[in-house]
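Chemist: So that we are looking at the same thing, I have put the structure below in structure tokens.
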Amino acid sequence: MVDMPVFIRCRGPKEAQMFMLQKMEDKDFMESEHPIWNEALFIFSHMKETMAGHYSCFYQSASGISPLSESMKLAVAGVIPKPHLVANPGPQVAMGKALSFKCWSDQKLDRLIVYQDQGLVPLMYRLAPESEIELFFPKASAKHQGTYSCIGFVSDEPLRWSMPSDPLVLTGGPGSSSPPGLGGRAVGEETPPGEGAQGRGEEGS
């Protein structure tokens with residue numbers, strides 16, 4: 001997120017005397033740190049839009065310079081205005097009834113993601129050629145209660161993300177039980193038939 005701190009950790013053998021961090025898109029960008037034991041921590045106090053990119057590190061030892069590590073993608077959120085998120089029939093839903101989400105953007109974002117902060121509902125990523133997606137759950141259950149947000153990006157610039165939408169707090173109707181603890185299914189885990197989100201817009205890959 002823009003203006004938030006970010007930490008990048010490089011690790012190597014105990015023989016490493018110095019670690020260097022390089023941004024692949026900017027050969028003039030180079031940071032160096034002495035290791036503590038066999039790793040170095042690169043700290044950036046304020047994330048900037050220009051920091052989005054691919055990073056690799058390497059180390060110097062008595063025997064010379066190591067090859068570059070595998071590159072790491074660093075995406076920056078908060079550089080595009082936030083999308084909008086609503087629930088239907090509303091922020092209070094009766095258990096066992098249909099539930100849907102709609103996320104849309106005024107910024108022509110063609111990738112949109114709806115996620116639940118608690119992680120009990122799998123992250124929902126969709127292609128959005130019209131900058132809009134709709135997601136449907138045939139039967140709402142206690143796990144669907146929680147706080148949701150929507151975030152997105154443009155496929156041509158996949159490392160520049162929007163601000164998250166305003167949070168949407170979904171509660172159960174009268175007689176609903178509280179959502180299960182965090183021991184439930186994690187984000188991305190397979191959802192049993194009939195419980196998963198169906199929607200307009202293609203599933204992302």
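Chemist: Which of the numbered conditions does SER45 fail, given that it passes all the others? Conditions: (1) surrounded by 13 or more Cβ atoms within 10 Å (Cβ to Cβ); (2) in contact (Cβ under 8 Å) with a residue 40 or more places away in the chain; (3) among the polar types (S, T, N, Q).
Modeler: Failed condition: (1).
Chemist: Let me ask something else about it. Do you know which of the residues in the stretch 48-107 that are assigned by TED's automatic domain parsing to the domain that holds SER155 and without any contact (Cβ under 8 Å) to a residue 12 or more places away in the chain is surrounded by the most Cβ atoms within 10 Å (Cβ to Cβ)?
Modeler: PRO89
Chemist: Could you go through the stretch 126-137 and let me know if any residue there is in the same structural domain as PRO167 (by TED's automatic domain parsing) and within 16 Å of the chain's Cα centre (by Cα).
Modeler: Checked against the condition, which is being in the same structural domain as PRO167 (by TED's automatic domain parsing) and within 16 Å of the chain's Cα centre (by Cα), the stretch 126-137 yields at least one hit.
Chemist: Where residues in the stretch 113-134 are at pLDDT 95 or above, among the aliphatic types (A, V, I, L, M) and in contact with a Phe, Trp or Tyr (Cβ under 6 Å, 6 or more places away or on another chain), which of them is surrounded by the fewest Cβ atoms within 10 Å (Cβ to Cβ)?
Modeler: ILE113
Chemist: Pairs needed: first member in the stretch 124-138, on the phi > 0 side of the Ramachandran plot; second member anywhere, part of a strand (DSSP E or B) and not hydrophobic (A, V, I, L, M, F, W, C); C-beta distance under 9 Å; at least 6 residues apart or different chains.
Modeler: SER131/GLY152
Chemist: May I pose another question? Inside the stretch 3-36, can you point out the residues that are aliphatic (A, V, I, L, M), surrounded by 13 or more Cβ atoms within 10 Å (Cβ to Cβ) and closer than 22 Å to MET47 by Cα? Walk me through it before giving the result.
Modeler: Step one: filter the stretch 3-36 for residues aliphatic (A, V, I, L, M), giving 4, 6, 8, 16, 18, 20-21, 24, 30, 36.
From what's left, surrounded by 13 or more Cβ atoms within 10 Å (Cβ to Cβ): 6, 8, 16, 18, 20-21, 24.
Selection gives VAL6, ILE8, MET20, LEU21, MET24.
Matching residues to (1) over 30 Å from GLY12 (Cβ atoms); (2) part of a strand (DSSP E or B); (3) touching a strand residue (DSSP E or B) at 6+ places or on another chain (Cβ under 8 Å):
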{"site": "MET47", "(1), (2), (3)": "no, no, yes"}
{"site": "HIS54", "(1), (2), (3)": "no, yes, yes"}
{"site": "GLN60", "(1), (2), (3)": "no, yes, yes"}
{"site": "GLY78", "(1), (2), (3)": "yes, yes, yes"}
{"site": "LYS102", "(1), (2), (3)": "yes, yes, yes"}
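Chemist: May I ask you to list the residues in the stretch 19-45 that are small (Gly, Ala, Ser) and in contact with a strand residue (DSSP E or B) (Cβ under 6 Å, 6 or more places away or on another chain)? Can you show your working first?
Modeler: Going through the stretch 19-45, the residues small (Gly, Ala, Ser) turn out to be 32, 40, 45.
Within the stretch 19-45, SER32, ALA40 qualify.
The values are calculated or read from the model by the stated rules, or taken from the named source; none is laboratory data. Since the structure is predicted, the reported quantities are computational estimates derived from the model, not experimental observations. When we count neighbours, we look across all protein chains shown, and the Cβ atoms used for this are built from the backbone with ideal geometry, even at glycine.
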